1. Do any residues in region A:30-53 that are more than 12 Å from every other protein chain (Cβ to nearest Cβ) have Cβ atoms under 7 Å from those of residues that are more than 14 Å from DNA strand C (Cβ to nearest atom) and polar (S, T, N, Q), where the two are at least six apart or on different chains, and which pairs are they?
2. Tally up the residues in region B:54-69 that are within 14 Å of another protein chain (Cβ to nearest Cβ) and over 26 Å from the mean Cα position of the chain (by Cα), please.
3. Would you check if B:Ser23 is modelled with pLDDT of 95 or more and more than 9 Å from DNA strand C (Cβ to nearest atom)?
4. I'd like the full set of residues that are modelled with pLDDT of 95 or more and open to solvent by 20 Å² or more (accessible area, probe 1.4 Å), limited to region A:195-218.
5. Tally time: how many residues in region A:136-153 are touching a residue at least 40 places away in the same chain (Cβ under 8 Å) and either within 12 Å of chain B (Cβ to nearest Cβ) or under 18 Å from A:Ile179 (Cα atoms) (or both)?
6. Being assigned to a helix (DSSP H, G or I), open to solvent by 40 Å² or more (accessible area, probe 1.4 Å) and within 9 Å of chain A (Cβ to nearest Cβ) is the filter here, so list the residues in region B:162-178 that pass it.
7. Can you find even one residue in region B:83-100 that is away from DNA strand D (no atom under 16 Å from the Cβ), among the small types (Gly, Ala, Ser) and touching a Leu at 6+ places or on another chain (Cβ under 7 Å)?
8. May I ask you to list the residues in region B:26-41 that are within 9 Å of DNA strand C (Cβ to nearest atom) and open to solvent by less than 20 Å² (accessible area, probe 1.4 Å)?
Number of protein chains: 2
Amino acid sequence: MKDREQSKATGHTQRGQRAKRISILDAAAQVFCREGFSGASIDEIAVEASVSRQTIYNHYREKETLFTAVVEDIMDRANATLFSILSTFPDKPDHLEDDLTAFAIRFTKNCLCNQDGKFLRKLVQSEGERYPHLFATWRQHGPGKIGAALGALFARLSHKGALKIDDFDLAARQFLALITADLQMITLFGGTPTDEELERAARNAVQTFLRAYAGQIGETVSRAPELAIIS
Amino acid sequence: MKDREQSKATGHTQRGQRAKRISILDAAAQVFCREGFSGASIDEIAVEASVSRQTIYNHYREKETLFTAVVEDIMDRANATLFSILSTFPDKPDHLEDDLTAFAIRFTKNCLCNQDGKFLRKLVQSEGERYPHLFATWRQHGPGKIGAALGALFARLSHKGALKIDDFDLAARQFLALITADLQMITLFGGTPTDEELERAARNAVQTFLRAYAGQIGETVSRAPELAIIS
DNA sequence: TCAAAACTAGACACCATTGTCTAAAACGTC
DNA sequence: GACGTTTTAGACAATGGTGTCTAGTTTTGA
């Protein structure tokens with residue numbers, strides 16, 4: 001878990017109780033992700049966390065408690081990073097293709113390439129039905145809000161004349177679908193796309209997206225000065 | 001497993017050994033899909049198949065053998081139905097939007113809505129890394145070939161002037177990504193999209209796809225008569 | 001420096017599961 | 001109807017996992 005090791009390195013070695021908790025959560029995430037809930041054993045997690053089994057039971061009463069704690073923890077982190085990426089969505093119509101492509105790369109890189117993303121994909125898929133509540137709230141606070149936010153961002157872009165979109169939320173969903181289209185087959189088998197693959201996938205996606213949703217940029221731009229002069 | 005019940009109903013009740021094998025495979029698919037490999041117990045499968053545990057061990061030496069047999073069985077079936085759907089891909093430029101939409105509905109319905117599709121999504125995701133060989137061959141014979149075949153079909157359509165496509169395989173992948181865009185959130189949690197949802201998702205996807213890849217249909221169509229008269 | 005809190009290692013009971021083995025029953029075929 | 005095959009139910013050892021307990025050790029913070 002990159003994020004965590006960082007905070008361990010920068011901060012003053014998160015000593016004591018708190019360090020253990022984090023160490024356990026990270027190890028548990030790895031093992032749950034690798035083995036699934038029933039395949040994961042507490043002993044395995046304890047070893048990976050360099051902690052005694054009893055310590056795990058002290059912090060998290062039972063296996064299931066630990067699991068939900070891990071899932072919630074990762075969901076929080078994933079949402080936070082995703083929203084921070086959303087805030088880098090381009091808002092100027094110039095260089096739209098390049099800006100959108102760069103945004104798409106940032107998005108896929110953080111969504112598909114890191115441990116948290118992989119974990120969520122696997123765990124939602126394999127344990128989602130067994131924990132309806134847990135994943136339903138995630139669905140609301142995560143993908144739901146992100147879809148809406150991205151829709152609003154496309155709306156902003158559309159109002160500036162850079163795009164011609166009827167249904168903003170739909171456009172957002174299609175954008176997301178397109179930028180992951182070429183990467184699914186890679187991530188499905190646990191692989192991590194290379195930077196080139198990310199780049200090419202994003203570029204292809206954005207080109208198609210823009211062809212589908214391009215406003216008459218030429219017209220709008222060339223007519224705008226006239227209108228400005230008249231008014 | 002719908003397909004199987006059918007063959008049981010039509011055929012002469014597949015008696016004896018063969019009937020048991022099928023019954024076991026179907027039950028195992030259900031349980032593996034619900035519980036994952038390590039969560040599934042042979043006893044559970046035996047009960048669901050109305051068969052004694054020993055019979056399972058007679059047919060499939062051990063749990064792992066059973067698992068791979070189930071996976072291979074389902075992959076074969078899924079590939080077969082998918083290719084049969086591919087053969088219904090539209091080849092006339094008229095009514096392209098409607099024809100493509102109908103095709104998309106057929107595709108998603110058989111890909112996302114039936115048991116086999118759900119099984120493959122879950123199992124590839126959760127056990128893919130543990131059985132690299134098993135799933136690598138599927139990847140070749142399944143998605144790989146289907147992507148290529150769909151690319152060729154788009155090429156045919158493109159050569160007839162109905163579409164303007166540079167990279168046919170890319171267009172195929174983007175088509176697939178678009179038609180599943182709105183359904184992912186539903187299927188991810190084990191749900192099955194309604195017919196309305198399928199219809200709307202397909203229509204939205206095809207509209208966007210055509211906007212991105214439409215040849216100058218208006219031009220082509222209106223100019224064609226002139227050319228015909230001259231020649 | 002000292003006491004409380006947290007951690008460790010190991011033993012433990014308990015339970016579920018896998019895979020084998022048996023003897024009896026059901027089945028299919030000639 | 002008799003014979004060989006398949007299926008069944010159940011007992012069985014072996015294994016590995018969960019969660020508890022205890023007694024001893026380390027860490028923390030005042």
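1. Listed pairs, sorted by first residue: A:Glu48/A:Gln30.
2. 1
3. It is true that B:Ser23 is modelled with pLDDT of 95 or more and more than 9 Å from DNA strand C (Cβ to nearest atom).
4. A:Asp195, A:Glu196, A:Glu197, A:Glu199, A:Arg200, A:Arg203, A:Asn204, A:Gln207, A:Leu210, A:Arg211, listed by residue number.
5. Number of matching residues: 6.
6. B:Arg173, B:Leu176
7. no
8. B:Ala40
The values are calculated or read from the model by the stated rules, or taken from the named source; none is laboratory data. Note that the structure is a prediction, hence the values are computed from the model and not measured. Cβ: placed from backbone, ideal geometry, glycine included. Neighbour counts: every protein chain shown. The protein model used for the area step is the full one, side chains on, heavy atoms only, and it has no ligands, DNA or RNA in it. Shrake-Rupley method; radii C 1.70, N 1.55, O 1.52, S 1.80 Å.
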